[in-house]
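First the structure, in the form of structure tokens, and then the observations on it.
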Amino acid sequence: MKAETLKIRRIPALVWGKPSGCLYLYIHGKLGYKEEAKEFARIACRKGWQVLSFDLPGHGERKQEVDRFFPWYIISELESIWEYAARNWNTIALRATSIGAWFSMLSLAGKPLEKALFVSPILDMKQLIADMMQWSSVTVEQLKQEKEIPTSFGETLSWKYYTYAREHPIQKWDCPTKILYSGRDNLTGRDVVDNFCRRFSCKLTVMEDGEHWFHTEEQRDFLEKWENGNT
């Protein structure tokens, strides 16, 4: 399946599917890239949608921008993506993965989205950072003093990021949303996703033996069936 290449405010992007008035914004997660939207596009485009995917900073064609994979940079980019989409499509929906869902909610809350599909979403960044601090035996006081602390699992704890997450909780999300969650998701606890679904009236599907990243054949099949049934 081929896609049209373009740039939106210098952001490399792809548009999948035949011309249509309906569009899905596809927002990848960490270590993702715009081309990964291909499988979702196969499903959505059969149903009359187009799909717009793009590389977030530090990913895909933007791997050199490693110092910009932060919400205070990404929010303005997603606002530009939204403006482009709103000028060119009448109906816009959202498909987002992991941290891409969190970025989306920070950027697009209040926008007239038709619906949203979240896969393994990060829903409470403050809680996730607090969990990582606990895994690394790092206190709030230590992080405040040292500003940045590398961890044994490859993440760097950041006081600036923790402060941002604490000051920007998701308080509004009116878009009709369906969530695919895995019972063995190590980044978002079941209590977090259950609370989020209650607050914002989301429909939750759980693959009990799944993981945060849907990567095995069984997990990918489950994901494909969920997308096909909800797109």
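The values are calculated or read from the model by the stated rules, or taken from the named source; none is laboratory data. No experiment lies behind these values; they were computed from the predicted model shown. Every residue, glycine among them, receives a Cβ derived from its backbone with ideal geometry; neighbour counts consider all protein chains shown. These accessible areas exclude ligands, DNA and RNA; they are computed on the full protein's heavy atoms, side chains included. Shrake-Rupley method; radii C 1.70, N 1.55, O 1.52, S 1.80 Å.
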Which pairs turn up if I take residues in the stretch 191-210 that are farther than 19 Å from Phe222 by Cα and look for partners that are surrounded by fewer than 17 Cβ atoms within 10 Å (Cβ to Cβ) and aliphatic (A, V, I, L, M) with beta carbon separation below 6 Å, at least 6 apart in sequence or on another chain? Cys197/Leu204
Out of the residues in the stretch 121-157 that are in contact with a helix residue (DSSP H, G or I) (Cβ under 8 Å, 6 or more places away or on another chain) and of a type in the set (S, T, N, Q), state the one that is nearest to Asp185 (Cα to Cα). Gln127
Members of the stretch 173-190 found to be open to solvent by less than 70 Å² (accessible area, probe 1.4 Å), farther than 18 Å from Phe69 by Cβ and not charged (D, E, K, R), listed by number: Trp173, Cys175, Thr177, Ile179, Leu180, Tyr181, Ser182, Gly183, Thr188, Gly189
Pick from Ser80, Ser76: which is outside any loop (DSSP other than H, G, I, E, B), surrounded by fewer than 18 Cβ atoms within 10 Å (Cβ to Cβ), in contact (Cβ under 8 Å) with a residue 60 or more places away in the chain and not basic (Lys, Arg)? Ser80
Could you check the stretch 137-158 and list, in sequence order, the residues that are open to solvent by less than 40 Å² (accessible area, probe 1.4 Å) and either among the basic types (Lys, Arg) or farther than 23 Å from Thr97 by Cα (or both)? Val138, Leu143, Ile149, Thr151
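Table: residues versus (1) among the β-branched types (Val, Ile, Thr); (2) at pLDDT 95 or above; (3) part of a strand (DSSP E or B).
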| position | (1), (2), (3) |
| --- | --- |
| Trp102 | no, yes, no |
| Ser107 | no, yes, no |
| Lys111 | no, yes, no |
| Glu114 | no, yes, no |
| Phe118 | no, yes, yes |
| Met132 | no, yes, no |
| Leu143 | no, yes, no |
| Phe153 | no, no, no |
| Ile179 | yes, yes, yes |
Could you tell me which numbered condition Ile92 fails, if it satisfies all but one of (1) modelled with pLDDT under 95; (2) crowded, with 20+ Cβ neighbours inside 10 Å? (1)
Name the single residue, out of those in the stretch 159-172 being open to solvent by 80 Å² or more (accessible area, probe 1.4 Å) and not in a loop (DSSP other than H, G, I, E, B), that is farthest from Ser201 (Cα to Cα). Lys160
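Across the stretch 83-107, what is the total count of residues that are touching a residue at least 40 places away in the same chain (Cβ under 8 Å) and either of a type in the set (Gly, Ala, Ser) or within 30 Å of Glu211 (Cα to Cα) (or both)?
So the first thing to find is which residues in the stretch 83-107 are touching a residue at least 40 places away in the same chain (Cβ under 8 Å), and the list is 84-85, 88-106.
Filter again for either of a type in the set (Gly, Ala, Ser) or within 30 Å of Glu211 (Cα to Cα) (or both), leaving 85, 92-106.
Counting residues in the stretch 83-107 that are touching a residue at least 40 places away in the same chain (Cβ under 8 Å) and either of a type in the set (Gly, Ala, Ser) or within 30 Å of Glu211 (Cα to Cα) (or both) gives 16.
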